1. Can you name the condition, by its number, that R53 falls short on among (1) of a type outside the set (V, I, T); (2) in the same structural domain as F299 (by TED's automatic domain parsing); (3) over 30 Å from Y180 (Cα atoms)?
2. Would it be correct to say that S37 is outside the structural domain of W167 (by TED's automatic domain parsing), loosely packed, with under 12 Cβ neighbours inside 10 Å and in a helix (DSSP H, G or I)?
3. Mind listing whichever residues of the stretch 186-210 are closer than 21 Å to F144 by Cα and part of a helix (DSSP H, G or I)?
4. Of all residues in the stretch 130-178, count the ones that are of a type in the set (S, T, Y), more than 23 Å from S28 (Cβ to Cβ) and part of a helix (DSSP H, G or I).
5. Assess whether V32 counts as being farther than 30 Å from G301 by Cβ and at pLDDT 90 or above.
6. Please pick out the residue among F189, F199, F222 that is free of Cβ contacts under 8 Å to residues at least 12 places away in the same chain and of a type outside the set (S, T, N, Q).
7. Take S102 and decide whether it is of a type in the set (S, T, Y), more than 30 Å from V52 (Cβ to Cβ) and part of a helix (DSSP H, G or I).
Amino acid sequence: MLQTVSEWLWWERLWLPANVSWSDLEDSDGRVYAKASQLYTALPCALGLLLVRYLFERFLATPLANVWGVRNSVRLTAEPSPILENYFCSQARAPSQADVRSLCKKTSWPERRVQVWFKRRRNQDRPGLRKRFCEASWRCVFYFFAFVCGVLALYDKPWLYNMKEVWAGFPKQSMLPSQYWYYLLETGFYLSLLLSLTFDVKRKDFKEQVIHHIATLTLLSFSWISNYIRIGTLVMAVHDSADILLEGAKVFNYAKWHQTAKVMFVVFTFLFMLTRLVIFPFWLIHCTWVYPVEKFAPFFGYYFFNVMLLVLQILHLYWAVLISRMVCKVIFSEVCDDRSDEEENDSDSPEERYHKLSHTNNRQKQRHSNTFSLNC
């Protein structure tokens, strides 16, 4: 049974063009080809990156947060209520108006008190500002490092300037050491993102992020085995270029450097639209759809690879909509990640309204006192 599954899985017509076999991709005459077994090294690489991330966030990002005064906001703890806690955990985090009225009857609480309880309870599960700062710092540094590695691996290659060179001699293209390390780094990183989903900041596009990571890992693995390495390195470099600015803008926004964050976000928006909505579909996907059929007849791998690229493009369109909304917020307020599950403000409760009003009155009295002293 396992023998039959293995034969079907590694059937040459799934992975390679016609008249090409696995024996043609064995190392010989100084040529070195990628091997499926090398993908196993991505797991220790991912675990190593998780360790590096932990050390980075603890010994670099956290001290930087202290220097820049990044502090978690003070949160009011939801008062004990077994009835509301049971509803929160088993049914819904945000009850409907009808459910609120029903819970009011069960707890003998007023409606406003129940609503405030749910806001405070949701806030308790949300990551603090320092955690988001550390996570954005790590991603910004990694994307910068990965993009530099991509530039070093590509800047002197003919297929960076002439897309038809991507398929010259395919699939018998010898793998370069720079391509091996670049692939290993990127594969390990996206695998580490999957492994860390449970404790990373959870955003509104959580499901889309999972799809993106799985699609990316599938593309990286398939392109590695099928020797689509040249186009794979181009796709990775295009994706990393804009992500540096997005994470950097969030870092500066958390640090209250709002003007710097706004400038970076505007530049990011332009670069995202250029790379993901222009270069990626009209250069890279065009290169994978049109040029290969000039060299060989389409096969399963040709269609599979292009379908996965289209999945990424659909996600790009989805994120372009989110970015457009974020641009409006940048213009009229401060930079924020529209995907984030933002902390809610429950300061409209009667007690807090009283304290807020008292604080406002005190500030007004102080302002009048200062004005009087200046006039004198």
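1. (3)
2. On the way: outside the structural domain of W167 (by TED's automatic domain parsing): no; loosely packed, with under 12 Cβ neighbours inside 10 Å: yes; in a helix (DSSP H, G or I): yes.
The answer is no for S37.
3. Here is the first cut: in the stretch 186-210, the ones closer than 21 Å to F144 by Cα are 186-194, 196, 200-201, 209.
Residues satisfying the conditions are E186, T187, G188, F189, Y190, L191, S192, L193, L194, Q209.
4. Here is the first cut: in the stretch 130-178, the ones of a type in the set (S, T, Y) are 137, 143, 155, 161, 174, 178.
Checking which are more than 23 Å from S28 (Cβ to Cβ) leaves us with 137, 143, 155, 161.
Filter once more, so that each one left must be part of a helix (DSSP H, G or I): 137, 143.
The number of residues fulfilling the criteria is 2.
5. On the way: farther than 30 Å from G301 by Cβ: no; at pLDDT 90 or above: yes.
Taking the combined requirement at face value, the residue does not satisfy it.
6. The unique qualifying residue is F199.
7. Details: of a type in the set (S, T, Y): yes; more than 30 Å from V52 (Cβ to Cβ): yes; part of a helix (DSSP H, G or I): yes.
Answer is yes for this residue.
Residues checked against (1) more than 26 Å from L195 (Cβ to Cβ); (2) surrounded by 11 or more Cβ atoms within 10 Å (Cβ to Cβ); (3) assigned by TED's automatic domain parsing to the domain that holds P292; (4) of a type in the set (A, V, I, L, M, F, W, C):
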| residue | (1), (2), (3), (4) |
| --- | --- |
| R13 | yes, yes, no, no |
| L16 | yes, yes, no, yes |
| W22 | yes, yes, no, yes |
| Q91 | yes, no, no, no |
| R101 | yes, yes, no, no |
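The values are calculated or read from the model by the stated rules, or taken from the named source; none is laboratory data. None of the values given here were measured: they were computed from a predicted structure. Glycine gets a Cβ as well: all are built from the backbone with ideal geometry, and neighbour counts include every protein chain shown.
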